[in-house]
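Here the structure is laid out as structure tokens; the discussion comes afterwards.
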Amino acid sequence: MSWALHRVVCHPADSAWPGFWAPKAACERKVVEIGFGNGDFLLALAQDDPKACFVGIELSITSVTKAARKVLQRGLDNVVLVMGDAAFMLKEAFSPGTFDEAYTNFPCPWPKKRHAKYRLSHGNFPAAVSSALKMQGVLEMTTDSEPFAEEFAQAVSATGAMTVDLFEKNPRRAVRTKYEGKWLAQGRDIYRLRFVKVDDFVLPSESEGGFRMHRILSVKTSPAKAISGTSGGEGAHRYFLGEAFIGDDGTELLQVITVDDGFEQRFYLRFVPKPDGVLVKLDECSQAFRTPAAKAALAAIAEVKIQCADGRFIP
Ligand SMILES: C[S@@+](CC[C@H](N)C(=O)[O-])C[C@H]1O[C@@H](n2cnc3c(N)ncnc32)[C@H](O)[C@@H]1O
């Protein structure tokens, strides 16, 4: 089986993004599934409608890898997979009003109170999915937890953009997911909720200016060592500058960890010696969104002042 995962798994920081729509089918309909797990539901929809385009967003790298291999095996050219938190990806990687349909099947209900922040009914997800849908676009959520269904209905309706159009117990569904099968086998009830977008709601992106960090700074001497171990940022947008690695040719790599509203990124900055200073750029192997925290980390490097042996500061 092929391992050409790059044909299926897309990252919004790739230069080809969002060109993946172009060669794929006719895109008469754009559909997204959030938390696709083993991918069987998404792939069944995609096989059924070759003229539509399907995007799957999933946190788990194992799920993404397995589903991508199934896409390759079945020769589907109308599916792309994105790895990451859907609340972030829907807001930052797709224009508002992109999708006709969104599905999320059996998202983790996180029943314990202390885990509530991980539920899709919390945080940005309700607003992000509402924004990513077209007017009259449809969101469908299935769950085995009635309290979660109720909480989700309230949270999505609270955006003011979406209205509940169906709240059904034990629906008959043509395609069943792995978790659906598991809960049905245990005799649990299943709840299906459907929403329609009735108000033109847009959640603005925070990564304005594109997803790639092109910024190149010129400094007199490499600050990587000097700023390694420092942190900064504001509110929900924080960064940490980790270890610095120095190569034989004087090039340095600095590890950067950023968190924006719980969305974590890890990437490297490369410090390349030049006759008139040091170029600082995103390492070629790293992919990073220009989130407020990532921008703050770059700004910190731009502002760093290196103290020389004679006590002078080099700007
Ligand atoms: C309980 S499983 C359900 C899988 C599949 N939909 C099914 O019904 O068999 C929930 C899935 O959602 C994914 N997930 C959880 N939170 C997510 C998020 N914020 N963004 C994307 N995927 C998420 C998890 O990695 C997991 O694969």
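The values are calculated or read from the model by the stated rules, or taken from the named source; none is laboratory data. Every value quoted in this text rests on a predicted model; they were computed, and no experiment measured them. Every residue, glycine among them, receives a Cβ derived from its backbone with ideal geometry; neighbour counts consider all protein chains shown. What goes into the accessible areas is simple: the full protein's heavy atoms, side chains included, and nothing from ligands, DNA or RNA. Shrake-Rupley method; radii C 1.70, N 1.55, O 1.52, S 1.80 Å.
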Discussion item. Against the definition (touching a Gly at 6+ places or on another chain (Cβ under 9 Å) and open to solvent by less than 40 Å² (accessible area, probe 1.4 Å)), how does V196 come out, yes or no?
Written reply: yes
Practice prompt. State which residue pairs qualify: first residue under 16 Å from E146 (Cβ atoms) and inside region 164-191, second residue basic (K, R) and open to solvent by less than 60 Å² (accessible area, probe 1.4 Å) in any location, beta carbons under 6 Å apart, and separation of 6 or more residues or different chains.
Written response: E168/R192; P171/R192
Worksheet item: So which strands (runs of 3 or more DSSP E) stay within region 30-131 end to end and still have 2 or more residues that are more than 23 Å from H6 (Cα to Cα) and of a type in the set (S, T, Y)?
Response: 99-105
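Residue by residue, here is whether (1) among the charged types (D, E, K, R); (2) more than 16 Å from the ligand (Cβ to nearest atom); (3) farther than 26 Å from A288 by Cα holds:
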position: L5; (1), (2), (3): no, yes, no
position: D49; (1), (2), (3): yes, yes, yes
position: I61; (1), (2), (3): no, no, no
position: L81; (1), (2), (3): no, no, no
Item to complete: Name, by its number, the condition in (1) more than 13 Å from the ligand (Cβ to nearest atom); (2) in contact with a Pro (Cβ under 9 Å, 6 or more places away or on another chain); (3) assigned to a strand (DSSP E or B); (4) among the polar types (S, T, N, Q) that does not hold for Q136.
Response: (2)
Fill in: Residues that are within 16 Å of the ligand (Cβ to nearest atom), charged (D, E, K, R) and open to solvent by 90 Å² or more (accessible area, probe 1.4 Å), drawn from region 142-181
R176, K178
Response to the item:
Scanning region 50-65 for residues that are open to solvent by less than 40 Å² (accessible area, probe 1.4 Å), over 23 Å from R119 (Cβ atoms) and not β-branched (V, I, T) gives A52, C53, F54
Discussion item. For region 66-77, check the following and say yes or no: at least one residue is small (G, A, S), within 15 Å of the ligand (Cβ to nearest atom) and open to solvent by 10 Å² or more (accessible area, probe 1.4 Å).
Written reply: no
Practice prompt. Return the pairs, sorted by first residue and then second, in which the second residue is surrounded by fewer than 18 Cβ atoms within 10 Å (Cβ to Cβ), the first residue lies in region 139-160 and is among the β-branched types (V, I, T), the beta carbons are less than 7 Å apart, and the residues are 6+ apart or on different chains.
Written response: T159/F201
Worksheet entry | Extreme residue, nearest to K91 (Cα to Cα), among residues of region 253-271 that are open to solvent by 30 Å² or more (accessible area, probe 1.4 Å) and modelled with pLDDT under 80 | D261
Practice prompt. Answer yes if at least one residue in region 97-113 is farther than 28 Å from A174 by Cα, among the hydroxyl-bearing types (S, T, Y) and in the same structural domain as A153 (by TED's automatic domain parsing), and no otherwise.
Written response: no
